[in-house]
1. Which condition breaks for B:ASN307 when tested against (1) of a type in the set (S, T, N, Q); (2) farther than 25 Å from B:ARG228 by Cβ; (3) within 14 Å of another protein chain (Cβ to nearest Cβ); (4) in contact (Cβ under 8 Å) with a residue 40 or more places away in the chain?
2. Does B:PRO148 satisfy being crowded, with 23+ Cβ neighbours inside 10 Å and part of a loop (DSSP other than H, G, I, E, B)?
3. Mind listing whichever residues of region B:41-71 are assigned to a strand (DSSP E or B) and either among the aromatic types (Phe, Trp, Tyr) or at pLDDT below 95 (or both)?
4. Just one of the numbered conditions (1) within 11 Å of another protein chain (Cβ to nearest Cβ); (2) closer than 22 Å to B:GLY238 by Cα; (3) under 12 Å from the mean Cα position of the chain (by Cα); (4) surrounded by 14 or more Cβ atoms within 10 Å (Cβ to Cβ) is not true of A:MET1; which one?
5. Just to be sure I understand, how many residues within region A:6-52 are under 30 Å from B:THR283 (Cβ atoms), among the aliphatic types (A, V, I, L, M) and away from chain B (no Cβ under 12 Å)?
6. Of all residues being in contact (Cβ under 8 Å) with a residue 40 or more places away in the chain and in a helix (DSSP H, G or I) in region A:6-56, which is surrounded by the fewest Cβ atoms within 10 Å (Cβ to Cβ)? Just the residue, please.
7. Find the residue count for region B:423-462, including only residues that are surrounded by 15 or more Cβ atoms within 10 Å (Cβ to Cβ), at pLDDT below 95 and more than 9 Å from every other protein chain (Cβ to nearest Cβ).
8. Can you name the residue in region B:272-290 that is outside any strand (DSSP E or B) and of a type in the set (Gly, Ala, Ser) and is also farthest from the other protein chains (Cβ to nearest Cβ) among such residues?
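The values are calculated or read from the model by the stated rules, or taken from the named source; none is laboratory data. Computed from a predicted model, the values in this text were never measured in an experiment. In this analysis, Cβ positions are derived from the backbone assuming ideal geometry, glycine residues included, and neighbour counts consider all displayed protein chains.
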Amino acid sequence: MQIKVNDKTIEIFSGACVRDVLRKYSKLTWTQVQKGSKMVCDGHGHQIGLDGELSDGVRLTVTRVRRTEPRS
Amino acid sequence: MNRARGFTLGSFMFLLLLLAGLTCSSCASVRTAPPPAETRIVIFHFNDVHGKIDNFSKAAAIVEAERQSGADVFYFCAGDNFTGNPVIDQYDPPGEPMLELVNRLGVDLLCPGNHEFDYGLENLGKFSARARFPFVSANIADPAGLLPRLRPSVVLNAKNGVRIAVFGLIQIEAGNGLPSTHPDRVKGLLFSEPLAKAMEMKKLRAAGQVLIALTHIGYDQDLLLAERLPELDVIIGGHSHTRVDPAEMVNGVLVAQAGSDNKYLGRIELLVRDGRVVEKKGTLIDLKGPLAEVADVKEMIVRFNQNPAFARVLAEAPFAIEGKDALGCLMTDAMRSIHGLEIAFQNEGGIRINRLPEKITLKDLYTLDPFGNQVVEIAMNVDEIRSLIADSFKRGDNIDLQVSGITYTVRTDGKGVIQEIHLRGLEGRSLPGDRTYKVGVSSYVASSYDFKHADPGRSLGSTTAEALIGFLEKRPDLSIYRGIQRAFQDPPGRGERY
């Protein structure tokens, strides 16, 4: 099946979940998501879990996690 | 806390016909008083917990506090309680902690997800029979009555005579028309296309002042459902693990989903006035961090996490199985045997211990293979298999993939540059290059390794650890794993193997 991550098309086995696609997309991005500096959203901008099951044609975006800076 | 009336669409239509046949005066005699002007309803919901039970004690405290405040509270589950936590998956019987917890929590309704079938239909039937709440799914037909509490829809009674009609929907795969689980696990049930079935359920609008779809079809499909069925007040979904906070209003329908893994509790608030929903909103409550907990639910969780099944001895070997070669051969033999594959590979990084003791327990297996990687089948020719082995070798200039079904030798120039990869079949001859082979790898290898394969492959719906458990339960001859080696490097590499 084909999944689009940040406009790059990834061909991956059927039954793959979000973490599988991210590993295939970019090792660096996968590491950043694991560390929590980036998160994965669906085509509507909602965050999705790394074990989320995917179907053919799904679009994902990986974005920076916005953190609220503590006030000094 | 189950207030379901077991009121199916069929029984509702029957009641309508019955009432239509009565005289006007008798009509008046059965008519109930109109509900008061305003009713506030709170619906809590969760989905895709996948065996992550730890936060249920916090969710229970939130739900019980709301109940004690006098609000009219309901509690829905949008599917996929099982698979993802060995503590729950390996319980005896499988999934028992989830059943006891959702019964204790006072869940009112459950829409089965594809992973509800992972322990087999017989097990789910027992679960359903002991659940204190109905299952709802309009696109599952159960002609043999295998799931005793399955209904297409249910009408729940809220305060002030308000009725909440709820129907369920489960996802099916485009290819085989079945939910995403092994086809053998749903034999005897019939599935239909969820959105088409939903169109039939709009008749339920007449059954209650509130109409809800409790689904396990994924967020994208929920959005389509909202576009096609504006008669709905709310869609509470699951399957795609989407964190929708706040719930989205789409075509006048509130669409909610509470992420996954019990990280959030969904809360929907409805205001019903003059027989219709006039206000609706949904938010997620983050269950991370210190929150109040219900003590007895916490005790249940602690007890379940000490799963006695982990001490169960699965197999006894004549000696401890030691070394990555032997353990990798055992793991790949398991994959090949359980899934009928011709060749299987296991990467060394996925072998987390160096020794299995003579008495092999479930805990030992999950220490050996803790990652929950799925088995993926890929049809590969000889060149593609060589491409996989070459990529694995280049990762550390050393043998990485353990194997079953063949042996192989990576011949290098002595400086780590590959000159040739020679594959041999079980009989020792070169592997015929004129055909493809059913090759099994973990989902980690399938997604992380860079190798040629025309076939993208397919997940077989169970983990590498589960294959190992199934294999050991078949009592194989474990004496073959002393000093076994199937992957070679010529000339020898770093010296630890040769």
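1. Against the list (1) of a type in the set (S, T, N, Q); (2) farther than 25 Å from B:ARG228 by Cβ; (3) within 14 Å of another protein chain (Cβ to nearest Cβ); (4) in contact (Cβ under 8 Å) with a residue 40 or more places away in the chain, B:ASN307 comes up short only on (3).
2. Numbers: crowded, with 23+ Cβ neighbours inside 10 Å: no; part of a loop (DSSP other than H, G, I, E, B): yes.
So B:PRO148 does not fit the description; no.
3. Of the residues in region B:41-71, the ones assigned to a strand (DSSP E or B) are B:41-46.
Residues satisfying the conditions are B:PHE44, B:PHE46.
4. The number of the failed condition is (3).
5. Residues flagged as under 30 Å from B:THR283 (Cβ atoms), among the aliphatic types (A, V, I, L, M) and away from chain B (no Cβ under 12 Å) within region A:6-52 amount to 1.
6. Checking each candidate, the answer is A:VAL18.
7. 1
8. Initial filter on region B:272-290 (outside any strand (DSSP E or B)): B:274-275, B:287-290.
Subsequent filtering for residues that are of a type in the set (Gly, Ala, Ser) retains B:275, B:289.
Working: B:GLY275: 32, B:GLY289: 15 Å.
Per the stated criteria, the residue is B:GLY275.
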